[in-house]
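What follows is one structure encoded as structure tokens, with my remarks underneath.
The values are calculated or read from the model by the stated rules, or taken from the named source; none is laboratory data. Everything numeric in this text was worked out from a predicted model, so none of it was measured. For neighbour counting, all protein chains shown are included, and Cβ atoms are generated from backbone atoms with ideal geometry for every residue, glycine included.
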Amino acid sequence: MDKKFELIVSIVNRGHSDAIVEAAREAGANGGTIIYGRGTSPFEKDSIMGVSIQPEKEIIMTLTPTENKNNIMQAVVEGGKLDENGMGICFSLPVNQVRGISAKYSIKNIKKEEKAEDKKED
């Protein structure tokens, strides 16, 4: 049976992704991917001398087994202060298939397997 995964997506103002990644790791995430973008909300537009400036954003994508999703999302919201107005948003999407990684070979499971091997050798 395939392991079920979720993609947690957090969108924050540029420069705030470190808190998100750190909180996610502390909650059990193995890592993430950060992509730079720009916002298009009419509520966030600023202008200098009549030239519109779009706010820069960081999009943090974290793939995680479904059973870890809620803990990681809660940690991200708290660590990034996303419950405060204008700090960002966090949501999750179901992932139908994953190729290139396996839950069997996640960092935590590798460490567990190494410990089990060490015990067998004793």
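Considering only region 53-80, state which residues are loosely packed, with under 13 Cβ neighbours inside 10 Å and among the β-branched types (Val, Ile, Thr).
Result: Ile53, single match.
Among (1) part of a loop (DSSP other than H, G, I, E, B); (2) modelled with pLDDT of 90 or more, which single condition is Gly100 missing?
Among (1) part of a loop (DSSP other than H, G, I, E, B); (2) modelled with pLDDT of 90 or more, Gly100 violates only (2).
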